[in-house]
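Below: one structure, written as structure tokens.
The values are calculated or read from the model by the stated rules, or taken from the named source; none is laboratory data. Computed from a predicted structure; not experimentally measured. All Cβ positions, glycine included, derive from the backbone under ideal geometry; neighbour counts span all protein chains shown.
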Amino acid sequence: MANVLEEISSALSNLSNPEKIQDLIKTALSQNIPASDIVEKGLRKGLQEIGAKYENGEYFLSELLFAASIMDQLMQFLRPNLAGQSVNEKGKILLGTVRGDIHDIGKNMFKMMAESSGFKVEDLGVDVDPDRFVQESRHLHPDILGLSCLLTTGLPEIKTVGERLRQANVGNDLKILIGGNAVTKEFAREVGAAAALDAVEGVELCRSMVKA
């Protein structure tokens with residue numbers, strides 16, 4: 001069992017052809033390995049190795065985008081087999097791009113990596129009104145609110161979301177993570193949030209926030 005899961009992990013971390021990885025997944029399923037184990041012990045491990053290669057400078061943004069595409073295909077392929085199986089959930093993230101900004105590539109990459117790392121992600125999309133962040137935070141009770149902002153004109157929107165949350169007395173324990181080209185560590189400190197400069201760092205910060 002461990003051998004095929006290791007092969008899946010290695011194939012993903014080396015960005016092998018998706019069809020090759022699907023064949024390995026089929027082999028694992030034929031050996032009655034639960035789909036949840038394939039995700040936890042194969043795909044997630046491979047994704048962590050991709051993150052490490054990115055941090056070490058071996059992979060770059062193009063490789064992360066390609067990895068995101070591969071993971072999307074593999075999760076779609078596995079989804080029917082995951083029905084009714086328990087996958088270890090790390091926590092819940094409410095995610096969206098702030099009002100006035102319609103960029104979503106970085107947000108979508110973070111979402112893919114967070115989901116593959118065991119987080120449940122509710123994505124509100126782009127150009128999200130501050131009040132909707134408040135409403136959905138009240139309704140969904142997420143552990144983390146992720147705000148994406150590529151444009152510097154969107155930075156005041158991050159402040160507005162924080163103010164609206166405080167005014168509504170929503171989620172006193174809610175942790176806020178911000179990311180995107182416009183975001184800096186200094187700005188994050190000003191607004192009482194954590195800043196991720198890329199998707200890999202974002203997932204690591206989320207893990208530390210929920211101690212997962």
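A few points about this structure:
- Tally of residues being touching a Pro at 6+ places or on another chain (Cβ under 6 Å), surrounded by fewer than 22 Cβ atoms within 10 Å (Cβ to Cβ) and within 17 Å of Val126 (Cβ to Cβ) across the stretch 136-165: 1
- Top-ranked residue in the stretch 91-103 [being surrounded by 19 or more Cβ atoms within 10 Å (Cβ to Cβ) and among the charged types (D, E, K, R); ranked as farthest from Ala67 (Cα to Cα)]: Arg99
- Candidates Leu24, Leu74 - the one that is in contact with a Pro (Cβ under 7 Å, 6 or more places away or on another chain) and assigned to a helix (DSSP H, G or I): Leu74
- Condition met for Ala35 (crowded, with 17+ Cβ neighbours inside 10 Å, under 21 Å from Met113 (Cβ atoms) and out of contact with any strand residue (DSSP E or B) (no Cβ under 6 Å at 6 or more places or on another chain)): yes
- Test for Arg207: is it closer than 30 Å to Ser9 by Cα and surrounded by fewer than 17 Cβ atoms within 10 Å (Cβ to Cβ): yes
- Within the stretch 62-107, the set of residues being among the polar types (S, T, N, Q), farther than 16 Å from Ile21 by Cα and at pLDDT 85 or above comprises Ser62, Thr97.
- Test: Arg44 is under 19 Å from Gly202 (Cβ atoms) and either modelled with pLDDT under 90 or surrounded by 14 or more Cβ atoms within 10 Å (Cβ to Cβ) (or both): yes
- Selection within the stretch 54-64 - surrounded by 14 or more Cβ atoms within 10 Å (Cβ to Cβ) and more than 17 Å from the chain's Cα centre (by Cα): Tyr59
- Summed over the stretch 108-136, the residues that are under 20 Å from Leu174 (Cα atoms), touching a helix residue (DSSP H, G or I) at 6+ places or on another chain (Cβ under 9 Å) and assigned to a helix (DSSP H, G or I) give a count of 8.
- For the stretch 151-185, filtered to residues that are over 24 Å from Ser208 (Cα atoms) and hydrophobic (A, V, I, L, M, F, W, C), the residue that is modelled with the highest pLDDT is Leu155.
- Thr184 more than 17 Å from Met113 (Cα to Cα), among the hydroxyl-bearing types (Ser, Thr, Tyr), touching a residue at least 12 places away in the same chain (Cβ under 8 Å) and loosely packed, with under 15 Cβ neighbours inside 10 Å: no
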